Structure formats: structure tokens, C-alpha cells
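Written out below as C-alpha cells is the structure these notes cover.
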Amino acid sequence: MDKKSTIFTATHGVMTSEVGVISGELELVTTCDDEGVLTLAITYVGADEWYSLPGEEYHLHDVRDHEVVHGMLAAVLERP
């Protein structure tokens, strides 16, 4: 299982499935298993509670795309 993490500041907020919109200094973690199943999680930096991003199961056609997809997600979530 491959895991990527990025810390960023979301001034506009990020929608979560559990608590709605969160904003501020956040950490995005994505994990990808050997079958390409992608899991997305987000939290406030330093917090214990993790939240999921809305949507159904995410699946990559090629597990080598994980790093690119993670980077794109982090960039989109951080944009003003």
C-alpha cells in the first residue's frame, strides 16, 4: 500500500462527508492499494480526527498514477 501526504492551507474550505466544510491548515493523505483502490482522508494539521472527501469508491486504472492524482488533488484543494 502506497501513502502520500501533503500539508496545505485551504482558505476557501474543503467539503468533508462527516462534518461539512473545514478550512485552515489541513493535511491530505491518499493511500492506494495494489488493486488501485484510492482512499482520500483529510484533517486539521495536528488533529486526531480524520474525515473523508465526498464521493464513491475511487479507483486508479494504473497504480503508478497515484503520485500525480495526489498532487492534483492537493493543488485543487489549496487554490484560492
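Worth pointing out:
- Residue check: Phe8 meets all listed conditions (1) assigned to a loop (DSSP other than H, G, I, E, B); (2) in contact (Cβ under 8 Å) with a residue 60 or more places away in the chain but one, namely (1).
- Filtered residue count, the range 68-80, keeping only those that are in contact (Cβ under 8 Å) with a residue 40 or more places away in the chain and open to solvent by less than 60 Å² (accessible area, probe 1.4 Å): 5
- Residue tally, condition outside any loop (DSSP other than H, G, I, E, B), under 26 Å from Glu25 (Cα atoms) and open to solvent by 70 Å² or more (accessible area, probe 1.4 Å), over the range 52-64: 1
- Within the set Asp65, Asp2, the sole residue that is in contact (Cβ under 8 Å) with a residue 60 or more places away in the chain and more than 11 Å from the chain's Cα centre (by Cα) turns out to be Asp2.
- Top-ranked residue of the range 11-25 - restricted to ones that are open to solvent by less than 40 Å² (accessible area, probe 1.4 Å) and free of Cβ contacts under 8 Å to residues at least 60 places away in the same chain, ranked as farthest from Val76 (Cα to Cα): Gly20
- Reported count of residues in the range 26-45, each being hydroxyl-bearing (Ser, Thr, Tyr), open to solvent by less than 10 Å² (accessible area, probe 1.4 Å) and more than 8 Å from the chain's Cα centre (by Cα), is 1.
The values are calculated or read from the model by the stated rules, or taken from the named source; none is laboratory data. Model, not experiment: these values are computed from the prediction. Here the Cβ is made from the backbone with ideal geometry for all residues, glycine too, and neighbour counts use every protein chain on show. Ligands, DNA and RNA are stripped out before the accessible areas are found, and what is left, the full protein with its side chains, is counted by its heavy atoms. Shrake-Rupley method; radii C 1.70, N 1.55, O 1.52, S 1.80 Å.
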